[in-house]
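Asker: Mind looking over this structure? Questions follow.
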Amino acid sequence: MLAVLSFLMAWMGWQMIDRYNSLQSALVQLPNPPTITQNLWVPMMLMVVKLSLLLVAYTSGLAIAKERSQQTLWYLLINRSSDHALIWNKFKAQSGVLAFVLLHVLVMTALLQVGGAVDWLQVACGVLGMVLLLCWFTALGLLLSSHCQQAGTAVLLNAVVFVMLWILGGPGVGDEYGINWLVLMSPAHHLQWFMAAEVGLSSVLYFGLGSWVLLWLAGHQVTRLRRQL
Amino acid sequence: MDKATEFSKQLKLKQINLTRSGQKILDDVTVELPTPGITVLLGANGAGKSSLLRVLAGISQPDSGSGSMSDSGGAFLMPEPAVFYPHLTVTEQLQFVADQSAMTPTTSIDEVLSAWQLQAEANKLTAHLSLGFRQRLSMAQLTLSQAGLLLLDEPMNGMDPEVMMLFKQQVANWRQAQTVVMATHIMHEAEAMADWVVVMHRGRVLHAAAYHQEQPFNELYQGVMQQFHAVSVDHQSPTQVGGGW
């Protein structure tokens, strides 16, 4: 799965660079041409995030639901071990996915730096946004997984919910009085701000506090499961 | 020395109540068990033996009641049926259990594999093990866990004579330093191992006492149940007994 994702990221990244090169002559005619960061790095990273969400949906979906379906949850609950510690350890175990994504980001950014001048401040803000967004989705995935008895159901549910939340942040969805109010609930919308190097407190709180609340709810669900055993 | 005074009785449960789906699974269970020593739980299906083991293991959360065990080292459970991570090999599964233990390991995985004659299966996935080897792996997990309290749910179900012999040897070793609570239907084999016997019925403890092997388990169980039914009938009102018409 990781190999397929790596291939897709590399192939799509190459397609984007090819397209950017073909537009290069037209772009330089503009009085204020977009930078390589705006025109290439940001779309590349949004593509990386979208593909990574598939991986997060899969790994976080399996995390609790598979323990339940194969009846091995008792190994983690024995000796009155803390339910919230269980969730926190599962969350930490997902850091491998984050490392995989960050490795690709690093390689792609380094390659772009070879061909142009990358805005490192914007890159740093974008990477911070990506890390926070993936943590938020991982926490959500663990919560949904803790509510499912079957691993397949959990993965499918994660994928559907993740896609819906992403679409929610898209332009033109649910516009009222010219403003799409729903986008404020969408993690994709907050990520766009980070990608534009606009790090707002509301976005940091949205991801940070949101992840904490989702993890707490997942821990609470495990406590409920313990009461059913 | 009398067996009742031989043990320090450090494992105590007081007024444990457990309800699931509106049904009372454990009803005001108050019992003291010997530490170290072997306790055998007897009872029909649905008596609450497995639920009591899960409460002792700290897996299930009782609705009320308290428990105390002065001996440290935690608990480890052998559930019925035995469950393992299917994608792990036998060695990896044992490594997982060893990693979970807070104690410094005194027994290596190789020693445990050898003791339970699992060397040939060491690299086999747990999903591909036969019933006999699953039992051996369960026992190996208990040995490796180094827990002070070992909880065994129907450990002798389907055991072949060779595994049974290994099991009896291991129980004799555990008796020296660890507390073993074993729920079983196989009474004649458990008789020889028991220091203490607890009879349960519909979530209640009807009898808990030292066992001197003076009476076969079967007779003891029948006697306790007859006594319970006699007392139950005595306590019923005449209208209930006569039908109330």
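What follows draws every value from the coordinates through simple rules; no lab data is involved. Fair warning: this is a prediction, and the values are worked out from it, not measured in the lab. Note that we place each Cβ from the backbone using ideal geometry, even for glycine, and neighbour counts take in every protein chain shown.
Asker: Can you give me the Kirkwood hydrodynamic radius for the range B:115-224, using every pair of distinct Cα atoms, in Å to one decimal?
Answerer: Answer for the range B:115-224: a Kirkwood hydrodynamic radius of 15.4 Å.
Asker: Pick from B:130, B:101, B:60: which residue has the top mean-square fluctuation in a GNM of chain B where Cα pairs under 10 Å get a spring?
Answerer: B:130
Asker: Additional query: For the peptides B:91-98, A:117-124, A:137-144, A:29-36, what is the packing order when you average, over each peptide's residues, the other Cβ atoms within 10 Å and list the highest mean first?
Answerer: A:137-144, B:91-98, A:117-124, A:29-36
Asker: Next up: What is the pair-distance distribution P(r) of the range A:31-76, computed from all Cα-Cα distances in 5 Å bins starting at 0, with each bin given as a whole percent?
Answerer: All Cα pairs, binned at 5 Å, distribute as 5, 18, 14, 12, 10, 9, 8, 7, 6, 5, 3, 2, 1, 0 percent.
Asker: Tell me which residues come under 5 Å, amide H to amide H, from residue B:182 once H is placed; ignore anything under 5 positions away on its chain.
Answerer: When sequence neighbours closer than 5 places are left aside, the close amide H contacts are B:39, B:40, B:41, B:152.
Asker: HN-Hα J couplings of the range A:34-41 from phi, Karplus 6.51/-1.76/1.60, θ = phi - 60°, integer Hz, Gly and Pro as x?
Answerer: Taking θ as phi minus 60°, the curve returns x, 6, 5, 5, 5, 8, 10, 5 Hz for the range A:34-41.
Asker: Right, something else. Work out from phi, with θ = phi - 60° and the Karplus expression 6.51 cos²θ - 1.76 cosθ + 1.60, the ³J(HN,Hα) of each residue of the range B:185-202, listed in order in whole Hz, and give x for Gly and Pro.
Answerer: 9, 8, 6, 5, 6, 6, 3, 5, 9, 6, 9, 9, 10, 10, 9, 10, 8, 6
Asker: Let me ask another. Note down, for the range A:93-145, the three equivalent ellipsoid semi-axes (square root of 5 times each alpha carbon gyration tensor eigenvalue), biggest first, whole angstrom.
Answerer: 27, 12, 6
Asker: Here is a follow-up. Hand me the tally of lysine pairs in the protein assembly as shown: alpha carbons under 28 angstrom apart, and the pair either on different chains or 8 or more positions apart.
Answerer: 23
Asker: Something else about it: Averaged across A:75-83, how many Cβ atoms of other chains sit within 10 Å of each residue's Cβ atom?
Answerer: Neighbouring Cβ atoms belonging to other protein chains average 6 per residue here.
Asker: For the range B:45-151, I need the span (max minus min coordinate) of the C-alpha atoms along each principal axis, in Å, sorted largest to smallest.
Answerer: 46, 34, 21
Asker: List, largest first, the extents of the alpha carbons of chain A along their principal axes, each in whole Å.
Answerer: 69, 44, 27
Asker: Kindly rank A:80-87, A:92-99 from highest to lowest mean number of other beta carbons found within 10 Å of each residue.
Answerer: Highest to lowest by the protection proxy: A:80-87, A:92-99.
Asker: Taking each pair of different alpha-carbon atoms in chain B once, compute 1/r for the pair, average those values, and report the inverse of that mean as the Kirkwood hydrodynamic radius in Å to one decimal.
Answerer: 19.2 Å
Asker: Report, to the nearest 10°, how far helix A:120-146 tilts away from the longest principal axis of the Cα atoms in chain A, using its own Cα long axis and a range of 0 to 90°.
Answerer: It is inclined by approximately 30 degrees.
Asker: Could you tell me what a quarter of the Cα convex hull surface of the range A:106-229 works out to, in nm² with one decimal place?
Answerer: For the range A:106-229, averaging the hull's shadow over all directions gives 10.1 nm².
Asker: Continuing with the same structure: Count the DSSP beta bridges whose two residues both fall in the protein assembly as shown, then state the antiparallel fraction as a percent rounded to the nearest 5.
Answerer: The antiparallel proportion sits near 55 percent.
Asker: Moving on. Report the Rg/Rh value for the range A:1-80, based on alpha-carbon coordinates and the Kirkwood definition of Rh.
Answerer: On the Cα set of the range A:1-80, Rg over Rh gives 1.32.
Asker: Could you give the C-alpha radius of gyration of the protein assembly as shown expressed as a fraction of 2.2 N^0.38 Å, taking N as the number of residues it contains?
Answerer: Compactness ratio reported: 1.31.
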